[in-house]
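What follows is a single structure, written as structure tokens, with notes after it.
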Amino acid sequence: MDDSLLGLLSFGPNGWGDQLAAGLKITILLALATAPIGLVGGFLLALARRSDHTVLRVSATGFTTVFKGLPELITLFMVYYGFSMALAWFVGLFSDAYVEISAFFAGMVALGAVSASFASEVFMAALSGIARGQYEAAGALGLGRWATLRKVVIPQLVRLALPGLGNLWLVLLKDTALVSVIALPDLLRQTSVAVGATKEPFFFYLVAIGIYFVMSLVSMTILSLLEKRYGRAYVR
Amino acid sequence: MNIVPDILARYGDDLLDGFLVTLQLVFISVAFGAVLGALVCAGRMSTSRILNALAWFYIALFRGTPLLAQLFLFYYGAGQFSGFWRDIGMWTLLRDPFNCALIAFTLNTAAYQAEVFRGGVLAVPSGQWEGSAALGLSKRITFLRVILPQAALYALRPFGNEIILMVKASAVASVVTVYDLLGETRLAYSDTFRFDVYFYAAALYLILVETLRRVWDVLERRLTRHLDMRRKPDGPIAQHE
């Protein structure tokens, strides 16, 4: 048996490689599952904040102010305990079964709400970067509201919003680590389990940080390629 | 009839204590982080290849990984070498989770602040350097008297944003048994299972963040008033709009 530190990372019964890989998978899955919520939610929030409908505008602005201002960790706790209590109350009306929401779901909802709030800022700025003449021209061509949005606004929006959204993806990737606090077996949680068993905190947390670092670097590379791809029409 | 909710009557003082711990964590780490951040920024902008690469790595590492993981590394990692720390007389310092959180937060915010400072310096038009050189000012004097005052104004807004980010990020300290605002809240919740304590804590966080944001708006408006060409009623641009 390999007793060295690197041996602790091996796959199989003697190392923690499998556990860390399983945790990494959950971290990536959580980030990938949350990103669309932030994307779509942020876009809808931005539209609501720009709308003429007072109730819609005020509530969307309030939502963003709250979730941008609160620490992500308290948002997570409030969603986790709040939803659990609400669900327990609801189920308690019919039976005395014990229910609890999953940490993965709570993470998706909480981080989704936070990402959507920040994404709405990005979309607001991007939307104001699209000249009014574009809407007028689309109207002159007889395009309806939906067609204007889909064929004229969104294609230009992607390029304007991409840098901001890329940053949000990097933030989201890091924020998934918070969900380990409510016992989701993500990368950081699995690392803590390994630390508990091996008493090698420095080594294992350094490995975890290294893995997060690589994920960030890979994301940054992909994002800069995407930015080049969507900006190619504007290169002079 | 009592207008103070019973949960606040019981835990209000604890929450306020936690609030003060949060304030200490944030302001001490931001202050130390500013010093370290300035050094990292100097490294990142230096012409030395090695310093440049080291500073780049430092910034990318601390900005690219979760603060919670960094905190665990310092808190549990320091404990692993307690013998060594005891030998050099540092153990009483590192044993306290508050100090560990402070170290982790300082190193983390230094990386962000280094980028804030660099952005400020780079935002100053290069003509300012050239103009100063033409006037015969040395590089040092140019930097201190011409570039720095302008860079500070450009960096003001992102610096304020960084303080707000730290207020929010500081909540992770509660995970390593620091009784900051969230730590006290979790304690009160586990005592009572009263969900409303979270609402009071959330309100305190929001008040802090909104206050900072508004103070920064005022600061920025005051400090940049000599630059404000759109100032009503007789700014030259405002007239033509």
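The values are calculated or read from the model by the stated rules, or taken from the named source; none is laboratory data. This is a predicted model, so every value here is computed, not measured. Ideal geometry is used to build each Cβ from the backbone, glycine not excepted, and the neighbour counts take in all protein chains shown.
I'm trying to understand the selection: among the residues of segment B:96-124, which are of a type in the set (Gly, Ala, Ser) and in contact with a helix residue (DSSP H, G or I) (Cβ under 6 Å, 6 or more places away or on another chain)?
B:ALA101, B:ALA104, B:ALA110, B:ALA111, B:ALA114, B:GLY120, B:ALA123
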Next item on the list: Please list, ordered by first then second residue, the pairs with beta carbon atoms under 7 Å, 6 or more apart or interchain, first in segment A:158-178 and more than 21 Å from A:ILE26 (Cα to Cα), second of a type outside the set (A, V, I, L, M, F, W, C).
Entry: A:VAL158/A:TYR230; A:ARG159/A:TYR230; A:ARG159/A:GLY231; A:LEU160/A:GLY129; A:LEU162/A:GLU227; A:LEU162/A:TYR230; A:PRO163/A:GLU227
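Does B:LEU227 count as within 26 Å of B:SER126 (Cα to Cα) and either of a type in the set (Gly, Ala, Ser) or surrounded by 15 or more Cβ atoms within 10 Å (Cβ to Cβ) (or both)?
Judged against the criteria, B:LEU227 is not a match.
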Check: Restricting attention to segment B:81-93, does a residue exist that is touching a Gly at 6+ places or on another chain (Cβ under 9 Å) and either of a type in the set (D, E, K, R) or at the interface with chain A (Cβ under 10 Å from one of its Cβ atoms) (or both)?
Finding: no
Next item on the list: Output yes when any residue across segment B:185-206 is assigned to a loop (DSSP other than H, G, I, E, B), of a type outside the set (Gly, Ala, Ser) and more than 10 Å from chain A (Cβ to nearest Cβ), and no when none is.
Entry: yes
Item checked: Where a residue in segment A:59-70 is touching a residue at least 24 places away in the same chain (Cβ under 8 Å) and its partner, wherever it lies, is among the polar types (S, T, N, Q) and part of a helix (DSSP H, G or I), with Cβ under 6 Å and at least six apart -> A:THR64/A:SER117; A:THR64/A:SER120; A:PHE67/A:SER117; A:LYS68/A:SER117
Note to self: Name the residue that is nearest to the other protein chains (Cβ to nearest Cβ), counting only residues in segment A:52-65 that are of a type outside the set (Ser, Thr, Tyr) and touching a Ser or Thr at 6+ places or on another chain (Cβ under 8 Å).
What the structure shows: A:PHE63
Note to self: Just to verify a result, which residue in segment A:194-223, among those that are of a type in the set (S, T, N, Q) and in contact (Cβ under 8 Å) with a residue 12 or more places away in the chain, is surrounded by the fewest Cβ atoms within 10 Å (Cβ to Cβ)?
What the structure shows: A:THR198
Next item on the list: Could you pull out the residue among A:LEU172, A:LEU143, A:LEU184, A:LEU188 that is at pLDDT 90 or above, under 21 Å from B:LEU67 (Cβ atoms) and part of a loop (DSSP other than H, G, I, E, B)?
Entry: A:LEU184
Next item on the list: Kindly provide the set of residues from segment A:80-106 that are in a helix (DSSP H, G or I) and away from chain B (no Cβ under 14 Å), ordered by number.
Entry: A:PHE90, A:VAL91, A:GLY92, A:ALA103, A:PHE104, A:PHE105
Check: Based on what the data block shows, is B:SER170 at the interface with chain A (Cβ under 10 Å from one of its Cβ atoms) and either under 17 Å from the mean Cα position of the chain (by Cα) or in a helix (DSSP H, G or I) (or both)?
Finding: yes
Notebook entry, point to check: When you look at A:PHE118, is it among the aromatic types (Phe, Trp, Tyr), in contact with a Gly (Cβ under 8 Å, 6 or more places away or on another chain) and closer than 25 Å to B:GLY64 by Cα, yes or no?
Noted result: yes
